1. Quote the relative contact order of region 195-243 in percent (integer), defining contacts as alpha-carbon pairs under 8 Å separated by 6+ residues.
2. Quick check: the angle from helix 232-246's long axis to the longest principal axis of the chain, C-alpha only, nearest 10 degrees?
3. Once the convex hull of the C-alpha atoms of region 4-99 is built, how many Å³ does it hold per residue, rounded to a whole number?
4. Could you tell me the relative contact order of region 98-186? Use alpha-carbon pairs under 8 Å, at least six residues apart, and round to a whole percent.
5. Gap in Å between the Cα centre of region 49-111 and the Cα centre of region 1-35?
6. Taking N as the number of residues in region 113-226, what is its Cα Rg relative to 2.2 N^0.38 Å?
7. Remind me, what semi-axes does region 17-157 give for its equivalent ellipsoid, largest first in whole Å, using sqrt of 5 times each Cα gyration tensor eigenvalue?
8. Taking the structure as given and computing Cα extents along the principal axes in Å, which label from (1) 52, 41, 34; (2) 79, 34, 34; (3) 59, 36, 33 fits?
């Protein structure tokens, strides 16, 4: 015989498509004693964005079994609320400042690298490969695919609400509180390698004629050997970074 529990979602968890246009307090039908994580994800909310779960006003973890007539409250990882010690699931496993992005987010990958964060991206990653990289290298998954974040071996992740680059980057910076951790121009935009300053004479033969004439300060990726210098593109990138530094929720 089916049992029911009331599950209420708070804050940004109501952004997910499955909850769009619905009351944030749902009557969930189930049989047996499923883990509360299974119930939350069956409704359409992936576990990496959940921070606190209260069942009958008591904090529980994802594995806690659901019982008939339980009252469940689910709070997001970015909730503007001070929780007592032991309530926050995210606090037990703080997110690293390393990322892996799905195949549709190439521009965002370059932007996150521009800010100096270790960012894995290839345009042919499968969902399985992303989940494996996230687990093996302890990376945050960034995606527009809600289903990807439900992989059980993904601990940290974020579903991007916007489809626009600057808004996406602001979401990531705000959600993971990255503003004080920027290290601009230390990662290669193309391959994610580290960038170091190099003497002009070392890269001289690889430079376009005008660049060779007008610029003297150069940087090179230690992986793919791509060369960077502070041309007009550098000023545009600085403006982009400054905008992110000043942006707020």
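1. Taking the mean separation of contacting Cα pairs over the length of region 195-243, I get 34 percent.
2. 30
3. So the per-residue Cα hull volume is 105 Å³.
4. 32
5. Measuring centre to centre over Cα atoms gives 16 Å.
6. After normalising by residue count via 2.2 N^0.38 Å, the value is 1.32.
7. Working from the Cα gyration tensor, I get semi-axes of 29, 17, 14 Å.
8. Working out Cα extents along the principal axes in Å from the coordinates points to (2).
Read-outs: derived from the displayed coordinates by stated rules, not from any lab. Please read all numbers here as calculations on a predicted model, not as lab measurements.
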